[in-house]
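Below is one structure; the comments refer to it alone.
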Amino acid sequence: MADRRTSGPTLEPGWRGLVSDLASDQRAFKGVPWSKAMMWLFLLSDIFIFACFLVGYMQVRITTPEPWPSASEVFALHLGGRDIPLLLIAIMTFILISSSGTMALAVKCGYERRRLATGGLLILTALLGASFVGMQAFEWTTLIHEGVRPWSNPWGAAQFGAAFFLITGFHGTHVTIGVILLIVMAAKVVRGSLAAERPGFLTRRRGRYEMVETLGLYWHFVDLVWVFIFAFFYLW
Amino acid sequence: MARGEGQRHPIGIYLWVWFLLFVLSVGSYLVDILQFEGYLRWSLITVFMLLKAGLIIAVFMHMAWERLAIICVVLVPPGVLVFLMLLMALEGHHVLASRLTWLAQ
């Protein structure tokens, strides 16, 4: 059989392409850098972790005979003499979406070899992510002062606190790790390590702008998880 | 795609998706502000959520331009999670019914 290149117009599209890709030697994911394929597989495992948390939350919420605390009242923000439901959560949602937008633009600028624009957008993404974590810390502090604990709360079903701290805590950890990675990547981009293909200090992998896209996948995933948490935990 | 070439798309599509994500988020926030209840609330929340997730995965994560092999590897396994969710919901309603029957007295 003639050799099948990993790129170019010889790759078949559609279902025939799927079969020949998966049946091929050495690598199944044609045209995808291995680091990106591995990031996708990591995210796949992370999907399952978050899904287990959310399904567990659904389960305790269904099975408890006590009323579930109303999220729109619990997370209301007192502004101008009245309570505005879910205001902080809405702001956090917009901030995270904006950070996803700047990340997508950073990936695009990276492939266009615009070093400073990429670095600046990565820094902006990191700042938005950090402010998201800051607001989450504020939210946690407020709720803890109001007496929410993983085993009890003043409004209803005791499992509310456990689900809240577990799910938002795990998501916040992901955001924090993402912010650290963004800062590291921004430093690499700005000092020209990716353009010059210099090996990294930890893994010795040669710098390439695909790394920005791989990190972008992680960051968009964090935003993606928030979409589900926002819908299921705060709105449902 | 050759090495180093990467995903290249016009900037307009990113800005459009960004804008649409804002609109959809406003929509799902309005569901709470306007205090829709019952099936209307749940279906609206779900529709907005799935549209946002689809836009993020398809455009921001470039899934729309990937080959079918990686699309299937990423998107098919989470399908079983829907099954898990349905099973647990069924079981949960059963647990609630037994609790109300036997623990309420």
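Any read-out appearing in this document is the output of simple, stated calculations on the displayed coordinates, not a laboratory observation. Everything numeric here is computed off the predicted structure, so don't read it as measured data. Reconstructed Cβ throughout: ideal geometry from the backbone, glycine too, with neighbour counts over all protein chains shown.
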Rg to Rh, two decimals, where region A:34-119 supplies the alpha carbon set and Rh follows Kirkwood: 1.16
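Output the DSSP H helices from chain B with an along-axis C-alpha extent of no less than 18 Å and a mean Kyte-Doolittle hydropathy no less than 1.6.
Sorted by number, the helices that extend far enough and score high enough are B:11-33.
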Cβ-based charge dipole, the protein assembly as shown, positive-most Cα from B:Trp42, A:Leu105, A:Ile144: A:Leu105
Local electrostatic count, A:Leu217, Cβ distance below 15 Å [Lys/Arg +1, Asp/Glu -1]: -2
Quotient of Cα Rg and 2.2 N^0.38 Å for region A:88-236, N being how many residues it contains: 1.21
Furthest towards positive pole of dipole, B:Leu84, B:Leu55, B:Ala97, structure part chain B, Cβ charges: B:Leu55
Estimated FRET transfer efficiency (B:Val26, A:Phe138; beta-carbon r; R0 22 Å; 0.05): 0.45
Check: region B:1-66 dipole with +1 on Lys, Arg Cβ and -1 on Asp, Glu Cβ, in debye: 140 debye
Ranking of A:Cys109, B:Cys72 by count of other Cβ atoms within 10 Å, fewest first: B:Cys72, A:Cys109
Integer Hz, Karplus 6.51/-1.76/1.60 couplings in order for region A:150-157, x for Gly and Pro: x, 10, 6, 7, x, 10, x, 3
Hydrodynamic radius (Kirkwood) for the protein assembly as shown, which is based on Cα pairs only, to one decimal in Å: 21.9 Å
For chain B, calculated [θ]222 nm from helices alone, where every DSSP H run of n ≥ 4 adds -39500 (n - 2.57): -23500 deg cm²/dmol
Pairwise FRET efficiency - A:Ser45 versus A:Leu11, Cβ, R0 = 30 Å, nearest 0.05: 0.65
Kyte-Doolittle mean at least 0.0 and Cα axial length at least 18 Å: DSSP H helices in chain A: A:34-63, A:87-111, A:115-145, A:159-190, A:210-229
Selection from A:Ala130, A:Trp34, A:Tyr57, by position along the positive dipole direction of the protein assembly as shown (Cβ): A:Trp34
Counted charge near A:Ala187, where neighbours are those whose Cβ lies closer than 13 Å (Asp, Glu -1; Lys, Arg +1): +4
Prolate/oblate/rounded call for region B:1-85, Cα gyration tensor, a/c under 1.5 rounded: oblate
